[in-house]
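The values are calculated or read from the model by the stated rules, or taken from the named source; none is laboratory data. From a predicted model like this one, the values you see are computed outputs, not experimental measurements. Cβ sites come from the backbone with ideal geometry, for glycine too, and all protein chains shown count toward neighbours. Just so you know, the surface numbers come from the protein's heavy atoms only, side chains and all, with ligands and any DNA or RNA stripped out. Shrake-Rupley method; radii C 1.70, N 1.55, O 1.52, S 1.80 Å.
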Amino acid sequence: MEGAYAIFVAMNNSNDSIKITLLALGCSKNLIDCENMSTELKKAGYNVINDVPESDIVVINTCGFIESAKKEAIDAILEVADFKVPNGNVKKIIVSGCLSQRYPEDILKELPEVDAVLGTAHYGDIVNVVAKLVTELDVETTEKINLTSGKGGFSHLVKDRELSTEAYAWLKIGEGCLHRCSFCAIPLIRGTFVSRPMEDIIEEAKIIAARGVKELVLAAQDTTNYGIELYKERRLAELLKKLSEIDGIELIRVMYGYMDGITPDLIDEMANNPKVAHYLDIPIQHGSDKILKSMYRRDNAELITSRLEMIRKAMPDCIIRTTVMVGFPGETEEDFKVMKENLKKWKFDRLGCFIFSPEEGTPAYDLPDQIDEETKQRRYDEIYELQKEISAEQSKKRLNTVTKVNICSVSDDGIFYIGRSYGESPEVDPVIYIASREEELKIGDFVEARIVDCSDEYDMTAVTI
Ligand code: SF4
């Protein structure tokens, strides 16, 4: 089947009349997969646009990690379906990513508007799938396509992929996950952890740097595990060092670590390498040892405390982000109180909170003592209120500090530039509004600025110096 598609692609000279929009839902890893597919489609001559109603084909790259993500994905599919002929112009819908990997048959059965599903090991098939659908563009799809067999490893990486922004580039350094947290469906969807060979990452980073992009954001389900199966040891520190030697790269940020992977050599490299952001995103998931154990997490409150001390001792200005989950089965008021007390002690600068949802195929799905929705929501609200105070307090420390800011966009009213310093990750953290003394700044420029307002937990204001 794949061979036949390939021949069709080679023979087709009129792909540029076919308009395709790709929608990226979920996390940064999904965005990278979307950028890869978009690049491949452009290389095959298709007209990739950003306009669902005007498109012939829409690709929805979904997340299926938890209930809210699944709902978001289904809503997005239904919204796109509203634009399908005869009501609109869209002729074919392809659903790719985690939701299709998890529920391919359900999607094809329950959402008849969908013409093809593509699993996480099949991003590289996008051109062939589109080519097949194009042969039936003006008629109903005779045979729905289901390419979801197999998972794990790197499905498809395009080193010269087109980036969604010039301000920074996500760089995938691993795929899948080695851990088996009892609530998490990621290993079921993406397979076990596979590190990407270091030379491959460096090659892609050089291509990115040659285009003028100065900030790299490293992503994997657990970046701190980098190298563990490939080189039989953790090699994130070495990777950071090598990436920092690339001309043009000014800032390297590490996302999604695991507390036990925050090793002394990693801290040392981060503290002493001026190109590595003093920033860490380490999802801890909970603060009570009883719940952490039930979640099959390898860390506990004592380890979290000691690693945070190590990080802050070596890098007092380090901005640390985390994620926690409320409403895990068996979470009593006492467990919840312990988590809150620990969060007050640990003082993460930023925190994201999820509400537990039982996911089919995970051990936590069948655990007794599931928590009712009202209690989950109340605990979520309490964490949110608590963190608001902690973040505001942490943020105040940055008043009057001078920091390098990466210019990412311009505010809607055109008055400010919008940027991020080492302490703000794209998409999840607050931004810095910059009043510039310069005539004109470009997206991706790095400028020195003094923070003049950081009075709450939200965005900051700075002035260039
Ligand atoms: S570390 Fe745990 S929560 Fe994170 S992706 Fe792996 S299994 Fe899921």
Inset, instruction - Would you grab the residues whose amide H sits under 5 Å from the one on S96? Only those 5+ places off in sequence or on another chain, please, with H modelled 1.01 Å from N. - result: I60, N61, T62, L118
Legend entry - Order by protection proxy (mean Cβ within 10 Å, highest first), peptides 132-145, 273-286: 273-286, 132-145
Inset, instruction - Work out the P(r) tail for the chain: percent of alpha carbon pairs separated by more than 40 Å, whole number. - result: 22
Inset, instruction - Check the cysteines of the chain one by one and keep only those with no other cysteine Cβ under 4.7 Å from their own. - result: C27, C34, C63, C98, C177, C318, C353, C408, C454
Inset, instruction - Enter the angle in degrees (range 0 to 90, nearest 10) between the Cα long axis of helix 301-314 and the first principal axis of the Cα atoms of the chain, meaning the one along which they spread out most. - result: 80
Inset, instruction - Evaluate the distance, in nm, between pseudo-label points positioned 7 Å from the Cα of E250 and of T142 along their respective Cα→Cβ axes. - result: 5.7
Legend entry - Part-to-part distance (alpha-carbon centres) for segment 191-260 and segment 91-152, which is given in Å: 31
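Say the cut-off is 28 Å between C-alpha atoms; which of K70/K109; K92/K442; K92/K376; K43/K91 go over it? Walk me through the intermediate numbers first.
Values: K70/K109 16 Å; K92/K442 38 Å; K92/K376 39 Å; K43/K91 22 Å.
Pairs exceeding 28 Å: K92/K442; K92/K376.
If packing is taken as the mean number of other Cβ atoms within 10 Å per residue, what is the order of 158-169, 183-194, highest first?
183-194, 158-169
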Inset, instruction - Enumerate the aspartates and glutamates that K347 could reach by cross-link, defined here as Cα to Cα under 12 Å, with residues fewer than 8 away along the same chain left out. - result: E309, E389, E393
Inset, instruction - Run the accessible area of the chain with a 1.4 Å probe and give the carbon-and-sulfur part as a rounded percent. - result: 52
Inset, instruction - Mind checking segment 375-465 for chymotrypsin sites (Phe, Trp or Tyr not before Pro) that DSSP puts in a loop (not H, G, I, E or B) and that have at most 12 other Cβ atoms within 10 Å? - result: Y458
Inset, instruction - State the extension gain, in nm to one decimal, for the chain segment bounded by T375 and S149, taking 0.36 nm per residue of separation less the distance between their alpha-carbons. - result: 77.5 nm
Inset, instruction - Please work out the FRET efficiency for the pair D160 and Y458, using the Cβ-Cβ distance as r and a Förster radius of 51 Å; give the result to the nearest 0.05. - result: 0.85
Inset, instruction - Could you work out the local net charge near T403, counting Lys and Arg as +1, Asp and Glu as -1, over the other residues with Cβ closer than 11 Å to its Cβ? - result: +1
Inset, instruction - Report the FRET efficiency, 1/(1 + (r/R0)^6), for D82 and I415, where r is their Cβ-Cβ distance and R0 is 35 Å, rounded to 0.05. - result: 0.45
Inset, instruction - For helix 28-43, report the angle its Cα long axis makes with the longest principal axis of the Cα atoms of the chain; keep it between 0 and 90° and round to the nearest 10°. - result: 30
Inset, instruction - Count charges around R161 for me, please; just the other residues with Cβ under 9 Å from its Cβ, Lys/Arg as +1, Asp/Glu as -1. - result: -4
Legend entry - On Cα atoms only, tilt of 333-346 relative to the major axis of the chain in degrees: 70
Legend entry - Whole-number accessible area per residue in Å² for the chain, which is evaluated in the context of all protein chains at 1.4 Å: 42
Legend entry - Length gained when the stretch A435-D51 is fully extended (0.36 nm per residue, less Cα-Cα span): 135.0 nm
